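We did not get these values from a lab; they are worked out from the coordinates using the rules stated. Computed from a prediction, not measured in an experiment: that's the story for all the values here. Ideal geometry is used to build each Cβ from the backbone, glycine not excepted, and the neighbour counts take in all protein chains shown.
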């Protein structure tokens, strides 16, 4: 080596130790309308149904299930779909597959 120095970068960062406060819920999810939105990848719908089954094991039984599927897995859902979710659902579970 001819005496040139190369910088060495340390990629570590200090942990963020701020406490997070979850959103305050107005009520529980039981008997609410549940939307299931998946991105159309294989297996995403199965994952959402698994999560829904886990909720039901904990005594959370939605009054209605609204299943929604994005047109493309790599793009955001269209505005119309978000509006439909807001109109028809009290809460939404979303998932990806593969």
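General observations
- Contact order relative to length of the chain, as percent, for alpha carbon pairs under 8 angstrom and 6 or more apart: 40 percent
- As a proxy for reagent exposure, 42, 65, 8 were ordered by neighbouring Cβ count within 10 angstrom, fewest first; the result is 8, 42, 65.
- Values (i) 1.09; (ii) 1.68; (iii) 1.03 are given for comparison; Cα Rg over 2.2 N^0.38 Å, derived from the coordinates here, is the one labelled (ii).
- Label-to-label distance, nm, for residues given as residue 58 and residue 71 (7 Å Cα→Cβ offset): 3.5 nm
- Tilt relative to the chain, helix 44-57 - C-alpha long axis, 0 to 90 degrees, to 10: 70 degrees
- Fewest-first ranking of 6, 91, 50, using other Cβ atoms within 10 Å as the exposure measure: 6, 50, 91
- Degrees separating the helix 79-88 axis from the principal Cα axis of the chain, which is the longest one: 50 degrees
- Residue 49-residue 27 pseudo-label distance in nm [points 7 Å out on the Cα-to-Cβ vector]: 2.9 nm
- Helical contribution to [θ] at 222 nm, DSSP H n ≥ 4, -39,500 (n - 2.57), averaged over the chain, rounded to 500: -7500 deg cm²/dmol
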